[in-house]
Amino acid sequence: MRLFTLTFVLLACLVCTGFATIEVDEPAICYTCHSDIESLNSSKSVHTALSAGKCSDCHNPHASSHAALLADEPGDLCLSCHADVKDDMSHATVHRPALDGDCLACHDPHASDHRNQLKQRVVSLCESCHQSVITWLARSNVHSPVAKGNCMVCHDPHGTEAEGLLKGGGLPGLCFSCHQQNAAFATAHKGYKISESNCATCHDPHSSSLKGLIMANQHNPFAAGKCSACHSTGAGGSAYALNADVKTVCTKCHTSLNKEGGKKYHHNLDDEKSCLNCHNPHAAPTGSLLAAEQPVLCFRCHFNGEEFADKSKDSYYTHDHMNCTNCHTPHGSDNQMYLSSVGTDLCVQCHEDAHSGSHPVGPDVIDKRTNESVTCMSCHQLHGADFEPYLPLNPDGDLCIQCHRK
């Protein structure tokens, strides 16, 4: 016992006087194993911690509950130093990777030959997620920043208060930071004041097949230069004032929409902006003058703007990648959720033989949970689910026992 006590005391003294104050030659000790990381110091853009040889600023040298011995989750770790990015995260619009803390989707944590340690040059990096960039570059008239691959002239990569991660408070202020409102500008816009107008209702901010980046799908009066068909005359002082409220102006020509307002559910028709919630009044990148492609347009309001139910799931919110109008009527319906039909009638338009010889559906089959008729949506979800085919629960048991219990 005496020998054990003496040994313990000696060890305690050694720890206090020696081991506890051992200095490690960082980063040399790290490079003895991680020579590949040492070579990154010659890159054009090197992480400050790496260039300073402070590996332990990000990594725990002994053990960690995070991958790569990181001291914390990557997103939280990055924000602990990058306060400016943390501020960007508080804005109304935040880039999805930043919101998810997935900084490494765009940045290399150690070094890169691209500025800000980006994994690729800006346009290639953006293109890896936003594949429409490829289409933009193929058009005959490309906006100068896009042609130069400098997306960040207009967009902030982390977060802004404006839609689309636009800088400068969004449109039109961003446009006017380059395009002066001089005499030539006024002439091109027929003398109308557009200092508070949304430039993207006529111009494609990225590219177009037409000069002036005018979008190819144009409203007939706009294409013919007949502004007075919708707007009041007196161009010199008018800021594009309409002849009447939006709905009245639009339904003057689009008379078929009047009957949609009489249906039980009429989509935005009584809203102050009415048709302008979904359509561009002058020109658009899509058919029917929609302000964006489906389902991008619909997700601006629905599903909190999310493109996917969950990126880990196979199912998109858009059923089998279809347009929303395959199932929903865009203006009005007597059915909930603006569905074009109800019950199994909606689904059999595509799934003609579904359950023809298996699970019964129809008015004579009652769902014990709701005491209503069993339809396709008694078991399947319309947009996205955890299990195929669009099932909210495991079909190997959990789903079936909801009704079929002993």
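Any chance the stretch 378-387 includes a residue that's aromatic (Phe, Trp, Tyr) and without any contact (Cβ under 8 Å) to a residue 40 or more places away in the chain?
The answer is yes; a qualifying residue exists.
Report, ordered by the first and then the second residue, all pairs with beta carbons closer than 8 Å, sequence separation of six or more or different chains, a first member in the stretch 247-267 that is touching a residue at least 60 places away in the same chain (Cβ under 8 Å) and assigned by TED's automatic domain parsing to the domain that holds His328, and a second member that is outside any helix (DSSP H, G or I) and acidic (Asp, Glu).
Gly261/Asp270; Lys263/Asp334; Lys264/Asp334; Tyr265/Asp334
Just the residues that are assigned to a helix (DSSP H, G or I) and under 12 Å from the mean Cα position of the chain (by Cα), please, taken from the stretch 78-102.
Result: Arg96, Pro97, Ala98, Leu99.
Go through the stretch 267-280 and report how many residues are closer than 25 Å to Ala223 by Cβ and either in contact with a Pro (Cβ under 9 Å, 6 or more places away or on another chain) or of a type in the set (Ser, Thr, Tyr) (or both).
Total meeting the criteria: 3.
So which residues in the stretch 80-105 are within 18 Å of Leu50 (Cα to Cα) and surrounded by 18 or more Cβ atoms within 10 Å (Cβ to Cβ), if there are any at all?
Cys103
So which of Leu174, Leu137 ends up being in a helix (DSSP H, G or I) and closer than 20 Å to Val94 by Cα?
Residue meeting the stated conditions: Leu174.
Identify, please: which residue in the stretch 220-237 is surrounded by 12 or more Cβ atoms within 10 Å (Cβ to Cβ) and assigned to a loop (DSSP other than H, G, I, E, B) and is, among those, modelled with the lowest pLDDT?
Once the filter is applied, the top-ranked residue is Ala235.
Look at His351 and say whether it is part of a loop (DSSP other than H, G, I, E, B), surrounded by 12 or more Cβ atoms within 10 Å (Cβ to Cβ) and at positive phi.
So His351 fails the test.
Which condition number in (1) at pLDDT 90 or above; (2) surrounded by 14 or more Cβ atoms within 10 Å (Cβ to Cβ) is the one that Ala184 fails?
Here Ala184 meets the rest and fails (2).
Taking the options Pro172, Pro157, name whichever one is on the phi < 0 side of the Ramachandran plot and under 21 Å from the mean Cα position of the chain (by Cα).
Numbers: Pro172 fails: under 21 Å from the mean Cα position of the chain (by Cα).
On inspection, the qualifying residue turns out to be Pro157.
So that you can scan it fast, the table gives a plain yes or no per residue for (1) outside any helix (DSSP H, G or I); (2) at pLDDT 95 or above:
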| position | (1), (2) |
| --- | --- |
| Thr7 | no, no |
| Ala12 | no, no |
| Val24 | yes, no |
| Gly53 | yes, yes |
| Pro61 | yes, no |
| Asp72 | yes, yes |
| Asp76 | no, yes |
| Leu104 | no, yes |
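Within the group Gly164, Gly149, which residue is under 23 Å from Asn280 (Cα atoms) and in the same structural domain as Thr93 (by TED's automatic domain parsing)?
Among Gly164, Gly149, only Gly164 is under 23 Å from Asn280 (Cα atoms) and in the same structural domain as Thr93 (by TED's automatic domain parsing).
Under 9 Å by Cβ, and 6 or more places apart or on different chains, what pairs join a residue from the stretch 343-361 that is under 8 Å from Cys376 (Cβ atoms) with one that is at pLDDT below 85 and hydrophobic (A, V, I, L, M, F, W, C)?
Within 9 Å, the pairs are Thr344/Ala354; Cys347/Ala354; Val361/Ala354.
The values are calculated or read from the model by the stated rules, or taken from the named source; none is laboratory data. Predicted model only: the values in this text are computed from it and were never measured. Glycine gets a Cβ as well: all are built from the backbone with ideal geometry, and neighbour counts include every protein chain shown.
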